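This report concerns only the one structure given below.
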Amino acid sequence: MMVRKTKKKELIFELFDELKQLDMDILNEQHGWELPQYIIENLKHEPRSYQSEAIRYFHYTQASDTFKFRKPRQLMFNMATGSGKTDLMAGLILYLYKEKGYQNFLFTVNTNGVLSKTIDNLTNAQSTKFLFNSNLEIDGEHIFINQISGRFPDFPNKNVINIKFVSIQTLTNDLFTQAENIMSLKDYQKTKMVILADEAHHYSASTKKKNKAELEKISWEKSLLSLLHAHVDNLLLEFTATLDFDDETIYQKYRDKIIYRYTLDSYIKERYSKNVRRIQTGNSNEDNMLSTVLLSEYRRKFALEKFGIEIKPVILFKSHKIDASYEANNLFNEMIDSLTVESLRSFLISQRRSVSEEQSHTLQLAYQYYLEKDDLSTVVREIKRGFSPARILNANDSDSGSKGLLETGQYQALNSLESPNNLYRVVFAVAKLTEGWDVLNLYDIVRISNLGKMNDKRDAKSTNSEAQLIGRGARYNPFSLNQKISYQRRFDESDETASLLLETLHYHTLNEPQYIKNLMASLDKMNLATGTDEKNPPIEIKLKPSFKKTQIFKTGKLYYNETEEIPDSHYVNLRAYGIEISKLANVTYLKSTYETAYLSAEAIELKTSQLRGIDIRYFKKSISRSNFFRFENLKRYLPNLKSMENFWGENWLDLQNLTLSVTTEKETIVEDFSAMEKLKIVDNFFNLLATQIKAGYRKARGTNRFIGYPITEYLVDYRKRIPNYDTAKHSGSFIEQKVANISFEKFDFFAYQSAIINRNEENLVNAIANHIDELREQYGDVFLIRMDENMLKGTDKVERLKLHQFEENPREINFSGFQPDFILLLQNKDYYLQIFIEPKGEQLAEKDRWKEELLSYINDHQEDLIFEDEVDGVIIKGLKFYNQENSKQILNQLAQIALEKPHFGGNIKLDLF
């Protein structure tokens, strides 16, 4: 009987999708909004691009006219494990304090471990994990972080951010309790606050059987909603990496509340994580333990000997049951204690024979490293010292137990494993560390099997927690190299395989087929890209000798448009930024509450009136409250500004002739506005102006001038490693990265002998091959070139082979430029035709739509293209995105451009040039 494959449900998140569209909309009045300096300067870690984007999306919900009448109060940040959710929280706290006046924040989570860790993150300036800068300052005033242990103050002190930390269990119990120094629901009704709910997947009951755990979730969920509705201005911001969208109830709950998603596959693809490799052997637990210790020491020694870097790799031994974990701990201690030079040498020889390179190339490197040493006594001595019982943490005690981690002081050690003063190398655990454990130098996770009082049949099935733990261990461990610290992987394309040791997490397991099958399913579900630890050297990609002999290789050129710096002298007034001050001076100010407006069945009638009685004092007061309009900051964007007095003058604000107008509800009497309301309107005006200035200030832009770069200098042999992933099959990144080295020796029109490409790109090459004879009827030379990003990596040339926007008013501004994946070169006696081609799967097309629009713009503005060289007959064109679904249309477009026919095989000529 044939099994029908079920298509994975397409997930729609209305709010997130709307915000993505709004972010690309140049008509969005908040377009160009950048993360404020007060956030960047007050955070310990520079926000990553996706964290900045998440805060920008949140800003839209708070400030964009799109959300004027429906400000969402409950929002979910669905962020990958290890992507810095608490850093994001810290940024949001600063934003809400400065922009919205929130001073009270309530942090809640379901475990004491995460609670204690977050207290350190957000309040303990002495901790290495503190996420704010020690001198927290906004608008020139020092800001204090105050941990609240009881009630929030009725009247918060100026320049103070109050944060109360409480477990969800305690919070739920306290809400309906009247007692001294305990905040009941009645007390919370007096407090305007933001609720920060971490590990929020614990607060949603599923559609499954309502057992005790599910009923507890219902209770917690009700508590959070009670707090949200206790005050009309309260916000509930939820954070988690783990939401089960296969559960219909959970999907329906959050589909319109997710404000931002940053998935594990994106996290790994963008190199913010370690790579993850699985090592599956037929070893015993004891052999696995010793192999991992040897690998850990090899990792440490390689970093020191090769790069002069001191790292302390940590190993986690993961068991399914507590008694098994303790047994493994004892077994480990006995193994280290009994290790001798003779037993180690015998082990290395045996393992090198029994563990194949297909099972683990990395272990083979480690075994070889030790076997080449004449004296193993130093190795044994270092292992006994580095992995002694004093260097082992056992994390199995419960939070409430008499010997819990929190009580014994080991909790701090567990959350500071990267510290040079922390000597722990090994952690034994069951489930304690799957959430909230901040560790960067975890490099090996070892699954312990078949130990304990009994074999648990659930052992092979309980892989979700293992997958979560792998995701947590994949956090990147930054290190300094050539006096530079990188927070992203550097060695993905390194010729030296051993360098990958510093950027790879290894998950060690016995070769149990059912367990491995279940684990891979769990990794798939999380979109966590992993692969086996087999040998994977970079592949040499070479130009064909036959192509190097052609005239097009010897004398031909590749054409890309030039960029130009925008000189500071260009920015002499606001018009140079594309700002029409008369249009900007119309400010919308609606006094109705958004609840009333949103629930109203009738459209609101508006009117626009001039705002009188606004003198310079309002403008100066408003500017004094804004970081952006401080002279030293404003000068970054207005390089020709001489002084703030100059800013008020005719070249800039022209305050003497500036008239603000305000759009309000029809019944509003503008003349009755209070001084505070007038100041708020001026604030809104300056917020709009700041956004427009930042959007209009560019350092460089594309031009319509195209430069030819000699093919002999820019098309070269290169090396590239094939990404080794076999999980995360449902993610767009997996589909994009599932590549192979495809030989194209049979296609004489393909310039390289082979190419590392995905299925969509291979389909494109084959589609062109089907029509190569027809193209050659009109062109003596026809060559297809794969323009790989590795081709000129590490050289200045790589930036030259990029197309840049040069449209007057693009729908979406993008300054980075891009390199289309393929170039089709066609040459006959009359002209030289270069066609840019970009294969793009539908799942990625919308995100990169600006690229397709640029290619179309080139086609539609041929008369505007200028060539730097004195050349005749050079034509530059571009195709729309190619994929399997639109293959026919794109091939028709190619026929129209190259053959002046409506399609291949046709006889009707079109006049295109």
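Please treat every number below as a calculation from the coordinates, not as lab data. The model shown is predicted, which means the values in this text are computed figures rather than measured ones. In this analysis, Cβ positions are derived from the backbone assuming ideal geometry, glycine residues included, and neighbour counts consider all displayed protein chains.
Placing a label point 7 Å from the Cα of Asn586 along the Cα-to-Cβ direction, the residues of the range 636-663 with a backbone N closer than 15 Å are 659-663. Pair-distance distribution P(r) for the chain, from all Cα-Cα distances in 20 Å bins starting at 0: 12, 38, 36, 13, 1 percent. The range 614-673 and the range 314-387 have Cα centres separated by 69 Å. Calculated mean residue ellipticity at 222 nm for the chain: -10500 deg cm²/dmol, from DSSP H runs with n ≥ 4 weighted as -39500 (n - 2.57), summed, divided by the residue count and rounded to 500. One decimal place: the segment Glu99-Lys44 gains 17.8 nm when fully extended, by the rule 0.36 nm per residue minus the C-alpha distance. Local charge for Asp860 was computed over the other residues whose Cβ lies under 13 Å away, with Lys and Arg +1 and Asp and Glu -1, and equals -4. To the nearest 0.05, what FRET efficiency results for Val572 and Glu493 with a Förster distance of 60 Å applied to their C-beta separation? Given R0 = 60 Å and the Cβ-Cβ separation, E is 0.85. When you count the other C-beta atoms within 10 angstrom of each residue and take the mean per peptide, 642-648, 618-624 line up highest first as 618-624, 642-648. Computed from the C-beta positions of Arg719 and Thr663, the FRET efficiency with R₀ = 56 Å rounds to 0.40. A simple spin-label model places the labels of Asn886 and Asn173 6.0 nm from each other, with each point 7 Å out along Cα-to-Cβ. Overall, the chain carries a charge dipole of about 1760 debye about its Cα centre when +1 sits on the Cβ of Lys and Arg and -1 on the Cβ of Asp and Glu, all other atoms neutral. Note on Asn770 and Ile12: the extension gain reaches 269.1 nm, defined as 0.36 nm multiplied by sequence separation minus the Cα-Cα distance.
Taking other residues whose beta carbon is less than 10 angstrom from the beta carbon of Glu238, and scoring Lys, Arg as +1 and Asp, Glu as -1, yields -1.
Among the listed pairs Lys680/Lys847; Lys68/Lys117; Lys554/Lys829; Lys318/Lys738; Lys269/Lys793; Lys269/Lys720, which have their C-alpha atoms separated by more than 26 angstrom in this model? In this structure, Lys680/Lys847; Lys68/Lys117; Lys318/Lys738 lie more than 26 Å apart at Cα. For Lys642, the aspartates and glutamates whose Cα falls under 14 Å of its own Cα, not counting residues fewer than eight places away in the same chain, are Asp568, Glu632, Glu650.
With both labels modelled 7 Å from their Cα along Cα-to-Cβ, the Arg151 to Thr550 distance reads 8.2 nm. Using R0 = 35 Å, the C-beta based FRET efficiency linking Ser674 and Asn640 works out to 0.40. Label separation (Glu357 vs Asn809): 6.1 nm, computed from points 7 Å beyond Cα along the C-beta direction. Set Lys and Arg Cβ to +1 and Asp and Glu Cβ to -1, take the dipole of the chain about its Cα centre, and tell me which of Phe77, Gln884, Phe836 lies farthest positive. Sorting the options by dipole projection puts first Phe77.
Summary of packing: across the peptides 344-353, 565-574, 219-228, the per-residue average of other C-beta atoms within 10 Å ranks them, highest first, as 219-228, 344-353, 565-574.
Distance from the Cα centroid of the range 813-876 to that of the range 470-525 is 37 Å (rounded to whole angstrom).
Residues of the range 643-684 falling in the label zone of Glu605, defined by backbone nitrogen less than 14 Å from a point 7 Å along Cα to beta-carbon, are 664-669. Exposure proxy shown here: for Thr795, Thr281, the number of other Cβ atoms within 10 Å sets the order, fewest to most, as Thr795, Thr281.
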